[in-house]
Amino acid sequence: MPEPRPCRTFPAMSQIDPAPVQPDGGRYASFEAFYPFYIHEHSNRTCRRIHVVGTSLVIAAFAAAMLTGNPWWFAAMPLVGYGFAWVGHFVFEKNTPATFKYPLWSLMGDFRLFFETVTGKRRW
């Protein structure tokens, strides 16, 4: 496993392996094991903010699809969600989104980060 990058927001995490992995291929064994890695990959405050905005727009697009019955809103969901997240990663965080290796857990992480932020459990 490559050396973890220094974490600007959570300095203590830069001294440890972000999370345990399964020995049979280096994949995380559970979402709970994956989430510390996810947070580490979102150490840049601007990147986190962009993710929260993108997830908000995904929720708004879902609501618009349900209210209007227009299926184009469903098509907009991944475009705004991934569009905002990838700008955050490539421009500000300067890393590769976890979506490429862990698509479901990354999506779950986006929503957990969103809810932790809007409920005040995670710094905006």
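Any residue that is in contact (Cβ under 8 Å) with a residue 60 or more places away in the chain, surrounded by fewer than 17 Cβ atoms within 10 Å (Cβ to Cβ) and assigned to a helix (DSSP H, G or I) - is there at least one of those in region 83-91?
Taking every residue of region 83-91 in turn, none turns out to be in contact (Cβ under 8 Å) with a residue 60 or more places away in the chain, surrounded by fewer than 17 Cβ atoms within 10 Å (Cβ to Cβ) and assigned to a helix (DSSP H, G or I).
I'd like the full set of residues that are surrounded by fewer than 15 Cβ atoms within 10 Å (Cβ to Cβ) and not basic (Lys, Arg), limited to region 96-110.
THR96, PHE100, PRO103, LEU104 - these are the residues of region 96-110 that are surrounded by fewer than 15 Cβ atoms within 10 Å (Cβ to Cβ) and not basic (Lys, Arg).
Kindly provide the set of residues from region 98-124 that are in a loop (DSSP other than H, G, I, E, B) and within 21 Å of ALA29 (Cβ to Cβ), ordered by number.
Within region 98-124, LYS101, TYR102 qualify.
Looking only at residues that are crowded, with 20+ Cβ neighbours inside 10 Å and hydroxyl-bearing (Ser, Thr, Tyr) in region 25-81, which one is farthest from the chain's Cα centre (by Cα)?
Here the residue is TYR28.
Each value in this text was obtained by applying a stated rule to the coordinates, not by laboratory testing. A quick note: this is a predicted structure, and the numbers were derived from the prediction, not measured. Don't worry about glycine lacking a Cβ; one is built from the backbone with ideal geometry, like all the others, and counts go over all protein chains shown.
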